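Reviewing the structure listed below.
All of the numbers you see were taken from the coordinates with simple rules; none came from a lab. What you are looking at is a predicted structure, and each value in this text was computed from that prediction instead of being measured. Here Cβ is always computed from backbone atoms with ideal geometry, including for glycine, and neighbour counts include all displayed protein chains.
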Amino acid sequence: MKNQFKNIALIAVFAILITSCSKKNDAPADQEVKTEQNDKVLAYIKSLGFTDGQIVSSGDRYVVDGDMVFDKNMEVPADNGQPKTEQYYNGYLVTAANNIRVKVDPSITSMAAEIDAAILQWNNVPNSKIKFVLTTGSTYDILIKVDNTIGSSTCGQAYLSTSNGKAGSVVWINQELIKNNSFAQRTRTITHEFGHTISFKHTNQSTSIDVPGVGGTDASSLMNGGQCGSGATVLSTKDKQATAALYPL
Ligand SMILES: [Zn+2]
């Protein structure tokens, strides 16, 4: 009886050893894969012209230059972000549809007027085929929603357009942070984030991909970064020219 108890105890010890061994073996393997994937995404982000200093790791995502979001588990394009072609863009035009369907999440219905005004700005750009359309259906291209946790000084965030021609799929708005801004500035934040979803990067950020035919700096660009609450509230002449250049009729 005593021996049997000893045996059971031994088996238990072995079982624990085996379990902890296999755990130890598993953990580094997982981590390695993750690190490799992270490196790929980091390399991709840098291939778009961003520098280490602009890239912040935040949970499952990288946030670049304040408000452009990349999932750490994103599928990196096979061409590793080499663009097909001073308003800057990420090299990936939205080609899936000229009408980009926007779904307004219930969290942000109180800002419906600002969303309408932001959409109108893009839709009114002369000689551009880009049109945002609101939808209440279950099929949509962009979901706009409130997230008040994206950062104490981050007014909004968005995914950039993707290598397969789709608009960035989510816009997050820090409603708590911008609620005391003017209507025009709240609209600016939304207009700016929609700009990211159709490939625009920050005009005041150096990168290798110029929008064809639109050079130079532009203090009045709505796509200047880091200007929430104080920046341009309407698309500038150059913003419009850049949009028409990327998305001609
Ligand atoms: Zn931005």
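Return the subset of 129/166; 145/240; 166/238; 34/166; 72/103; 131/240 for which the Cα-Cα distance in this structure is over 22 Å, preserving the input order.
Numbers: 129/166 15 Å; 145/240 26 Å; 166/238 24 Å; 34/166 25 Å; 72/103 24 Å; 131/240 13 Å.
Among 129/166; 145/240; 166/238; 34/166; 72/103; 131/240, the Cα-Cα distance tops 22 Å for 145/240; 166/238; 34/166; 72/103.
Expressed in nm to one decimal, what extension gain is obtained for the pair residue 249 and residue 210 from 0.36 nm per residue of sequence separation less their Cα-Cα distance? Each step should come with its number before you reach the end.
Values: separation 39, 0.36 × 39 = 14.04 nm, distance 1.99 nm.
Length gained, residue 249 through residue 210: 12.1 nm.
Taking the number of other C-beta atoms within 10 Å as the exposure measure, put 169, 163 in order starting with the fewest.
Details: 169 14, 163 20.
Going from least to most buried by this count: 169, 163.
Region 86-116 to region 173-241: how many Å between their Cα centroids?
13 Å
Fewest to most neighbouring Cβ within 10 Å: what's the order for 211, 41?
41, 211
Using the basic label-point model (7 angstrom from Cα toward the beta carbon), what is the residue 96 to residue 127 distance in nanometres?
With each label placed 7 Å out from Cα toward Cβ, I get 2.9 nm.
Quick check on region 101-249: what does the Kirkwood estimate of hydrodynamic radius come out to from the alpha carbon pairs, in Å? Please report the intermediate quantities before stating the final value.
Working: mean 1/r = 0.0651 Å⁻¹.
When all Cα pairs of region 101-249 are included, the Kirkwood radius is 15.4 Å.
What distance in nm separates the two pseudo spin-label positions at residue 39 and residue 78, each 7 Å out from Cα along the beta-carbon direction?
2.3 nm
Would you list 122, 172 from fewest to most Cβ contacts within 10 Å?
Details: 122 22, 172 25.
If I rank by nearby Cβ atoms, fewest first, I get 122, 172.
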